[in-house]
Amino acid sequence: MESFDQIKKDFDFTPKDEERLKQLKPVMEKYLDEYINELYDFIFRLPKAKQYLKNEEIINRHKKKLKEWYLDLFSGVYDERYFEKLHKVGEVHDSLGVPTHYINASFNFTRRFFIRKINEEFGYSRERNLYVESVGKILDINLDVFTKSYIEEEISRYMEFSRLEKKLIKAAKRFKDFLDLALLVSLIFISFFVIGLLGFDVYKFVIGEVHFEEGIIATLGSLLILWAVVELMGEEIKHLKGGGFALTAFLGVALAAVIRKILIASLSPEDTKKLLAYGIILLIIGIVYYLLNKNVKKGD
Ligand code: HEM
(Lines give C-alpha, C1' and ligand atoms only; values in the text may rest on other atoms or scores of the structure.)
Protein backbone atom coordinates (compact mmCIF):
# COMPACT_ATOMS: atom_id res chain seq x y z
CA MET A 1 0.00 0.00 0.00
CA GLU A 2 1.21 3.55 -0.75
CA SER A 3 2.15 5.67 2.27
CA PHE A 4 -0.80 7.53 3.73
CA ASP A 5 0.93 10.84 2.92
CA GLN A 6 1.17 9.85 -0.73
CA ILE A 7 -2.52 8.89 -0.82
CA LYS A 8 -3.47 12.28 0.61
CA LYS A 9 -1.25 14.01 -1.96
CA ASP A 10 -2.73 12.00 -4.83
CA PHE A 11 -6.23 13.06 -3.82
CA ASP A 12 -5.16 16.67 -3.26
CA PHE A 13 -6.31 16.30 0.34
CA THR A 14 -4.83 19.28 2.17
CA PRO A 15 -4.81 20.51 5.80
CA LYS A 16 -7.64 22.83 4.71
CA ASP A 17 -9.78 19.79 3.90
CA GLU A 18 -8.89 18.33 7.31
CA GLU A 19 -9.93 21.58 8.97
CA ARG A 20 -13.24 21.75 7.06
CA LEU A 21 -14.13 18.16 7.96
CA LYS A 22 -13.43 18.97 11.60
CA GLN A 23 -15.73 22.00 11.35
CA LEU A 24 -18.44 19.76 9.93
CA LYS A 25 -18.24 17.34 12.87
CA PRO A 26 -20.81 19.03 15.19
CA VAL A 27 -23.18 19.49 12.24
CA MET A 28 -22.91 15.93 10.96
CA GLU A 29 -23.05 14.35 14.42
CA LYS A 30 -26.74 15.35 14.56
CA TYR A 31 -27.44 13.07 11.60
CA LEU A 32 -25.56 10.00 12.80
CA ASP A 33 -28.62 7.92 13.76
CA GLU A 34 -30.54 9.02 10.68
CA TYR A 35 -27.56 7.97 8.53
CA ILE A 36 -27.31 4.51 10.12
CA ASN A 37 -31.07 3.91 9.73
CA GLU A 38 -31.17 5.08 6.10
CA LEU A 39 -27.97 3.22 5.20
CA TYR A 40 -29.42 0.03 6.67
CA ASP A 41 -32.67 0.46 4.69
CA PHE A 42 -30.46 0.89 1.64
CA ILE A 43 -28.18 -2.09 2.41
CA PHE A 44 -31.11 -4.42 3.00
CA ARG A 45 -32.46 -3.57 -0.43
CA LEU A 46 -29.27 -5.15 -1.88
CA PRO A 47 -30.34 -8.67 -2.92
CA LYS A 48 -27.88 -10.72 -0.84
CA ALA A 49 -27.20 -8.37 2.10
CA LYS A 50 -28.80 -10.80 4.60
CA GLN A 51 -26.18 -13.38 3.64
CA TYR A 52 -23.53 -11.19 5.32
CA LEU A 53 -25.50 -9.34 7.97
CA LYS A 54 -27.27 -12.49 9.04
CA ASN A 55 -28.27 -11.98 12.65
CA GLU A 56 -29.01 -9.34 15.27
CA GLU A 57 -25.61 -9.78 16.94
CA ILE A 58 -23.66 -9.07 13.70
CA ILE A 59 -26.01 -6.21 12.77
CA ASN A 60 -25.59 -4.53 16.17
CA ARG A 61 -21.81 -4.91 16.00
CA HIS A 62 -21.79 -3.53 12.45
CA LYS A 63 -23.92 -0.54 13.43
CA LYS A 64 -21.53 0.21 16.30
CA LYS A 65 -18.52 -0.01 13.97
CA LEU A 66 -20.28 2.15 11.37
CA LYS A 67 -20.87 4.82 14.01
CA GLU A 68 -17.17 4.82 14.92
CA TRP A 69 -16.27 5.02 11.21
CA TYR A 70 -18.68 7.95 10.71
CA LEU A 71 -17.28 9.91 13.66
CA ASP A 72 -13.69 9.22 12.56
CA LEU A 73 -14.58 10.59 9.13
CA PHE A 74 -15.18 14.03 10.67
CA SER A 75 -12.48 13.83 13.36
CA GLY A 76 -10.01 16.00 11.45
CA VAL A 77 -7.22 13.49 12.20
CA TYR A 78 -6.16 11.40 9.22
CA ASP A 79 -2.86 9.87 10.32
CA GLU A 80 -1.25 6.47 9.85
CA ARG A 81 -3.57 4.92 12.46
CA TYR A 82 -6.63 6.18 10.59
CA PHE A 83 -5.38 4.62 7.34
CA GLU A 84 -4.51 1.32 9.05
CA LYS A 85 -8.06 1.17 10.39
CA LEU A 86 -9.49 1.73 6.91
CA HIS A 87 -7.25 -0.96 5.49
CA LYS A 88 -8.50 -3.41 8.12
CA VAL A 89 -12.14 -2.60 7.30
CA GLY A 90 -11.41 -3.48 3.66
CA GLU A 91 -9.77 -6.74 4.73
CA VAL A 92 -12.72 -7.67 6.98
CA HIS A 93 -15.25 -7.11 4.16
CA ASP A 94 -13.05 -9.09 1.79
CA SER A 95 -12.57 -12.02 4.16
CA LEU A 96 -16.37 -12.21 4.60
CA GLY A 97 -16.86 -12.12 0.83
CA VAL A 98 -18.92 -8.87 0.85
CA PRO A 99 -18.98 -7.89 -2.86
CA THR A 100 -17.03 -4.67 -3.69
CA HIS A 101 -20.09 -3.71 -5.71
CA TYR A 102 -22.10 -3.52 -2.45
CA ILE A 103 -19.45 -1.34 -0.83
CA ASN A 104 -19.34 0.98 -3.86
CA ALA A 105 -23.14 1.24 -3.88
CA SER A 106 -23.21 2.00 -0.12
CA PHE A 107 -20.59 4.70 -0.61
CA ASN A 108 -22.63 6.22 -3.38
CA PHE A 109 -25.60 6.30 -0.98
CA THR A 110 -23.38 7.84 1.72
CA ARG A 111 -22.17 10.59 -0.62
CA ARG A 112 -25.75 11.48 -1.57
CA PHE A 113 -26.77 11.51 2.10
CA PHE A 114 -23.91 13.84 3.08
CA ILE A 115 -24.52 16.24 0.19
CA ARG A 116 -28.24 16.38 1.03
CA LYS A 117 -27.47 17.26 4.65
CA ILE A 118 -24.81 19.85 3.74
CA ASN A 119 -27.26 21.46 1.30
CA GLU A 120 -29.91 21.61 4.03
CA GLU A 121 -27.46 23.16 6.48
CA PHE A 122 -25.58 25.62 4.25
CA GLY A 123 -27.83 26.28 1.26
CA TYR A 124 -26.21 26.90 -2.11
CA SER A 125 -23.16 28.91 -1.06
CA ARG A 126 -19.36 28.90 -1.56
CA GLU A 127 -19.01 27.46 1.93
CA ARG A 128 -21.31 24.58 0.95
CA ASN A 129 -19.23 23.88 -2.19
CA LEU A 130 -16.02 23.68 -0.17
CA TYR A 131 -17.59 21.30 2.37
CA VAL A 132 -18.93 19.07 -0.41
CA GLU A 133 -15.47 19.03 -1.99
CA SER A 134 -13.73 17.98 1.22
CA VAL A 135 -16.35 15.33 2.03
CA GLY A 136 -16.02 14.00 -1.52
CA LYS A 137 -12.24 13.69 -1.13
CA ILE A 138 -12.34 11.83 2.18
CA LEU A 139 -15.03 9.44 0.88
CA ASP A 140 -13.02 8.71 -2.25
CA ILE A 141 -9.90 8.11 -0.14
CA ASN A 142 -11.88 5.71 2.07
CA LEU A 143 -13.23 3.81 -0.91
CA ASP A 144 -9.76 3.72 -2.48
CA VAL A 145 -8.19 2.16 0.64
CA PHE A 146 -11.15 -0.25 1.14
CA THR A 147 -10.95 -1.49 -2.45
CA LYS A 148 -7.17 -1.64 -2.48
CA SER A 149 -7.09 -3.94 0.52
CA TYR A 150 -9.54 -6.21 -1.35
CA ILE A 151 -7.21 -6.33 -4.37
CA GLU A 152 -4.12 -6.86 -2.20
CA GLU A 153 -5.84 -9.80 -0.47
CA GLU A 154 -6.73 -11.35 -3.83
CA ILE A 155 -3.19 -10.83 -5.17
CA SER A 156 -1.48 -12.20 -2.08
CA ARG A 157 -3.70 -15.30 -2.17
CA TYR A 158 -2.81 -15.80 -5.86
CA MET A 159 0.90 -15.13 -5.32
CA GLU A 160 1.06 -17.99 -2.84
CA PHE A 161 0.51 -20.48 -5.68
CA SER A 162 3.48 -21.96 -7.56
CA ARG A 163 3.84 -21.45 -11.34
CA LEU A 164 2.54 -24.94 -12.06
CA GLU A 165 -0.48 -24.35 -9.83
CA LYS A 166 -1.22 -21.06 -11.58
CA LYS A 167 -1.05 -22.82 -14.97
CA LEU A 168 -3.38 -25.53 -13.68
CA ILE A 169 -5.84 -22.92 -12.37
CA LYS A 170 -5.86 -21.16 -15.75
CA ALA A 171 -6.31 -24.45 -17.66
CA ALA A 172 -9.10 -25.58 -15.32
CA LYS A 173 -10.85 -22.23 -15.78
CA ARG A 174 -10.66 -22.51 -19.57
CA PHE A 175 -11.97 -26.08 -19.41
CA LYS A 176 -14.82 -24.99 -17.16
CA ASP A 177 -15.76 -22.22 -19.64
CA PHE A 178 -15.69 -24.80 -22.42
CA LEU A 179 -17.94 -27.18 -20.44
CA ASP A 180 -20.38 -24.35 -19.74
CA LEU A 181 -20.59 -23.60 -23.44
CA ALA A 182 -20.97 -27.32 -24.26
CA LEU A 183 -23.83 -27.50 -21.76
CA LEU A 184 -25.61 -24.59 -23.44
CA VAL A 185 -25.15 -26.13 -26.92
CA SER A 186 -26.50 -29.49 -25.61
CA LEU A 187 -29.50 -27.68 -24.15
CA ILE A 188 -30.19 -26.06 -27.52
CA PHE A 189 -30.07 -29.55 -29.12
CA ILE A 190 -32.33 -31.02 -26.47
CA SER A 191 -34.85 -28.23 -26.90
CA PHE A 192 -35.17 -29.29 -30.57
CA PHE A 193 -35.91 -32.86 -29.45
CA VAL A 194 -38.52 -31.59 -27.01
CA ILE A 195 -40.12 -29.56 -29.81
CA GLY A 196 -40.03 -32.83 -31.82
CA LEU A 197 -41.74 -34.64 -28.93
CA LEU A 198 -44.38 -31.93 -28.79
CA GLY A 199 -44.91 -32.18 -32.56
CA PHE A 200 -45.18 -36.00 -32.29
CA ASP A 201 -47.79 -35.71 -29.51
CA VAL A 202 -49.81 -33.26 -31.62
CA TYR A 203 -49.44 -35.52 -34.68
CA LYS A 204 -50.67 -38.63 -32.77
CA PHE A 205 -53.57 -36.58 -31.46
CA VAL A 206 -54.53 -35.19 -34.88
CA ILE A 207 -54.46 -38.53 -36.73
CA GLY A 208 -56.48 -40.07 -33.92
CA GLU A 209 -53.83 -42.60 -32.86
CA VAL A 210 -54.42 -41.72 -29.23
CA HIS A 211 -57.58 -41.09 -27.32
CA PHE A 212 -58.70 -37.41 -27.21
CA GLU A 213 -58.05 -37.02 -23.46
CA GLU A 214 -54.68 -38.78 -23.61
CA GLY A 215 -53.65 -36.64 -26.61
CA ILE A 216 -54.35 -33.36 -24.80
CA ILE A 217 -52.62 -34.51 -21.61
CA ALA A 218 -49.51 -35.78 -23.44
CA THR A 219 -49.28 -32.48 -25.39
CA LEU A 220 -49.61 -30.45 -22.19
CA GLY A 221 -46.91 -32.62 -20.59
CA SER A 222 -44.51 -31.97 -23.49
CA LEU A 223 -45.24 -28.24 -23.27
CA LEU A 224 -44.39 -28.41 -19.57
CA ILE A 225 -41.02 -30.03 -20.35
CA LEU A 226 -40.33 -27.43 -23.06
CA TRP A 227 -41.04 -24.66 -20.56
CA ALA A 228 -38.68 -26.26 -18.03
CA VAL A 229 -35.90 -26.62 -20.64
CA VAL A 230 -36.31 -22.93 -21.57
CA GLU A 231 -35.95 -22.04 -17.87
CA LEU A 232 -32.82 -24.19 -17.69
CA MET A 233 -31.32 -22.45 -20.73
CA GLY A 234 -32.08 -19.09 -19.16
CA GLU A 235 -30.19 -20.13 -16.02
CA GLU A 236 -27.21 -21.38 -18.03
CA ILE A 237 -27.06 -18.10 -20.01
CA LYS A 238 -27.11 -16.17 -16.72
CA HIS A 239 -24.31 -18.43 -15.46
CA LEU A 240 -22.22 -17.83 -18.61
CA LYS A 241 -22.64 -14.08 -18.08
CA GLY A 242 -21.04 -14.48 -14.66
CA GLY A 243 -24.04 -15.11 -12.43
CA GLY A 244 -24.65 -18.10 -10.16
CA PHE A 245 -26.42 -21.25 -11.25
CA ALA A 246 -29.81 -22.30 -9.93
CA LEU A 247 -29.75 -26.05 -9.37
CA THR A 248 -33.51 -25.84 -8.89
CA ALA A 249 -33.91 -25.27 -12.65
CA PHE A 250 -32.55 -28.80 -13.25
CA LEU A 251 -34.96 -30.20 -10.71
CA GLY A 252 -37.72 -28.23 -12.46
CA VAL A 253 -37.08 -30.25 -15.63
CA ALA A 254 -37.16 -33.52 -13.68
CA LEU A 255 -40.43 -32.47 -12.01
CA ALA A 256 -41.96 -31.55 -15.38
CA ALA A 257 -40.90 -34.92 -16.89
CA VAL A 258 -42.37 -36.95 -13.99
CA ILE A 259 -45.59 -34.89 -13.98
CA ARG A 260 -45.95 -35.62 -17.71
CA LYS A 261 -45.51 -39.37 -17.06
CA ILE A 262 -48.08 -39.25 -14.25
CA LEU A 263 -50.57 -37.41 -16.42
CA ILE A 264 -50.28 -40.08 -19.10
CA ALA A 265 -50.23 -43.04 -16.69
CA SER A 266 -53.28 -41.68 -14.84
CA LEU A 267 -55.40 -42.35 -17.92
CA SER A 268 -54.69 -46.07 -17.87
CA PRO A 269 -56.35 -48.05 -15.02
CA GLU A 270 -53.82 -50.94 -15.37
CA ASP A 271 -50.87 -48.73 -14.54
CA THR A 272 -51.56 -48.31 -10.81
CA LYS A 273 -48.14 -49.62 -9.73
CA LYS A 274 -46.37 -47.36 -12.22
CA LEU A 275 -48.47 -44.44 -11.03
CA LEU A 276 -47.54 -45.13 -7.41
CA ALA A 277 -43.82 -45.33 -8.31
CA TYR A 278 -44.03 -42.01 -10.22
CA GLY A 279 -45.89 -40.52 -7.26
CA ILE A 280 -43.07 -41.48 -4.88
CA ILE A 281 -40.41 -40.10 -7.27
CA LEU A 282 -42.41 -36.88 -7.63
CA LEU A 283 -42.68 -36.55 -3.85
CA ILE A 284 -38.91 -37.02 -3.38
CA ILE A 285 -37.95 -34.54 -6.14
CA GLY A 286 -40.61 -32.16 -4.80
CA ILE A 287 -39.14 -32.25 -1.28
CA VAL A 288 -35.58 -31.68 -2.57
CA TYR A 289 -36.88 -28.82 -4.78
CA TYR A 290 -38.68 -27.25 -1.82
CA LEU A 291 -35.65 -27.53 0.48
CA LEU A 292 -33.27 -26.08 -2.13
CA ASN A 293 -35.65 -23.21 -2.90
CA LYS A 294 -36.01 -22.46 0.80
CA ASN A 295 -32.22 -22.29 1.18
CA VAL A 296 -31.83 -20.06 -1.90
CA LYS A 297 -34.45 -17.65 -0.50
CA LYS A 298 -32.69 -17.62 2.89
CA GLY A 299 -29.42 -16.78 1.10
CA ASP A 300 -31.16 -13.87 -0.70
C1 HEM B 1 -20.64 2.60 3.67
C2 HEM B 1 -20.35 1.31 3.59
C3 HEM B 1 -19.79 0.48 4.71
C4 HEM B 1 -18.98 0.87 5.73
C5 HEM B 1 -18.41 2.25 5.99
C6 HEM B 1 -18.73 -0.29 6.55
C7 HEM B 1 -17.94 -0.28 7.67
C8 HEM B 1 -17.59 -1.41 8.40
C9 HEM B 1 -16.69 -1.41 9.53
C10 HEM B 1 -16.01 -0.19 10.09
C11 HEM B 1 -16.58 -2.70 9.96
C12 HEM B 1 -15.73 -3.21 11.13
C13 HEM B 1 -14.42 -3.78 10.60
C14 HEM B 1 -13.50 -4.24 11.73
O15 HEM B 1 -13.88 -5.15 12.47
O16 HEM B 1 -12.41 -3.66 11.81
C17 HEM B 1 -17.43 -3.51 9.10
C18 HEM B 1 -17.62 -4.87 9.23
C19 HEM B 1 -18.57 -5.58 8.53
N20 HEM B 1 -19.29 -5.13 7.45
FE21 HEM B 1 -19.36 -3.26 6.73
N22 HEM B 1 -19.42 -1.37 6.04
C23 HEM B 1 -20.07 -0.93 4.91
C24 HEM B 1 -20.88 -1.68 4.08
C25 HEM B 1 -21.18 -3.00 4.30
C26 HEM B 1 -22.07 -3.77 3.48
C27 HEM B 1 -22.79 -3.25 2.24
C28 HEM B 1 -22.11 -5.03 4.03
C29 HEM B 1 -22.89 -6.23 3.62
C30 HEM B 1 -23.94 -6.25 2.85
C31 HEM B 1 -21.24 -5.03 5.19
C32 HEM B 1 -21.03 -6.11 6.01
C33 HEM B 1 -20.14 -6.13 7.06
C34 HEM B 1 -19.95 -7.28 7.94
C35 HEM B 1 -20.70 -8.61 7.86
C36 HEM B 1 -18.96 -6.92 8.86
C37 HEM B 1 -18.44 -7.77 10.02
C38 HEM B 1 -19.33 -7.49 11.22
C39 HEM B 1 -18.87 -8.32 12.43
O40 HEM B 1 -19.21 -9.49 12.46
O41 HEM B 1 -18.17 -7.75 13.29
N42 HEM B 1 -20.69 -3.79 5.32
N43 HEM B 1 -18.04 -2.71 8.16
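Here are some notes:
- Cα shape, segment 4-160, gyration tensor, a/c 1.5 rule: oblate
- Solvent-accessible area, 1.4 Å probe, carbon plus sulfur percent, for the chain: 63
- The chain, dipole about Cα centre (Lys/Arg Cβ +1, Asp/Glu Cβ -1), debye to the nearest 20: 260
- Karplus-derived 3J(HN,Hα) values for segment 104-109, using 6.51 cos²θ - 1.76 cosθ + 1.60 with θ = phi - 60°, are 4, 5, 5, 5, 4, 4 Hz; glycine and proline are entered as x.
- Diffusion coefficient, µm² s⁻¹, Stokes-Einstein with Kirkwood Rh over alpha-carbon pairs of segment 80-121 at 25 °C and 0.890 mPa s: 207
- Solvent-accessible area of Trp227, all protein chains in place: 150 Å² (probe radius 1.4 Å, heavy atoms, ligands and nucleic acids excluded).
- Most to least accessible of Leu223, Leu96, Leu86 (protein chains only, probe 1.4 Å): Leu96, Leu223, Leu86
- Model label points for Lys173 and Leu71, set 7 angstrom from Cα along the Cα-to-Cβ axis, are 4.3 nm apart.
- Per residue, the convex hull around the alpha carbon atoms of the chain comes to 206 Å³.
- Computed over segment 164-299, the Cα gyration tensor eigenvalues convert (square root of 5λ each) into semi-axes of 35, 20, 12 Å, ordered from largest to smallest.
- Entry comment: accessible area of segment 4-160 is 56 Å² per residue, from protein heavy atoms only and a probe of 1.4 Å.
- Look at the dipole of the chain built from charges on Cβ: of Pro15, Ile195, Ser106, the Cα furthest out on the positive end belongs to Ile195.
- Taking all protein chains as shown and a probe of 1.4 angstrom, Val98 keeps an accessible surface of around 20 Å².
- Remark: relative contact order (the chain) = 18 percent; criterion is Cα-Cα distance under 8 angstrom and separation of 6 or more residues.
- Estimated [θ] at 222 nm from DSSP helical runs (n ≥ 4, -39500 (n - 2.57)) normalised by residues in the chain, nearest 500: -29000 deg cm²/dmol
- Highest-first packing order for the peptide set 37-45, 131-139, 113-121 is 131-139, 113-121, 37-45, based on the mean count of other beta carbon atoms within 10 Å.
- In the context of the full protein assembly, Leu143 retains an accessible surface of approximately 40 Å², using a probe radius of 1.4 Å and ignoring ligands and nucleic acids.
- Degrees, to the nearest 10: 80-96 long Cα axis against longest axis of the chain: 10
- Taking Cα centre as origin and charging only the Cβ of basic (Lys, Arg, +1) and acidic (Asp, Glu, -1) residues, the dipole magnitude of segment 4-160 rounds to 520 debye.
- Note, ³J(HN,Hα) from phi for segment 192-202, Karplus 6.51, -1.76, 1.60, rounded to Hz, x at Gly and Pro: 5, 5, 5, 4, x, 4, 4, x, 5, 4, 5
The values are calculated or read from the model by the stated rules, or taken from the named source; none is laboratory data. What you see is a predicted model, and the numbers here were worked out from it, not measured in a lab. Note that each Cβ is placed from the backbone with ideal geometry, even for glycine, and that neighbours are counted across all protein chains shown. Surface accessibility is based on the protein's heavy atoms, side chains included, excluding ligands, DNA and RNA. Shrake-Rupley method; radii C 1.70, N 1.55, O 1.52, S 1.80 Å.
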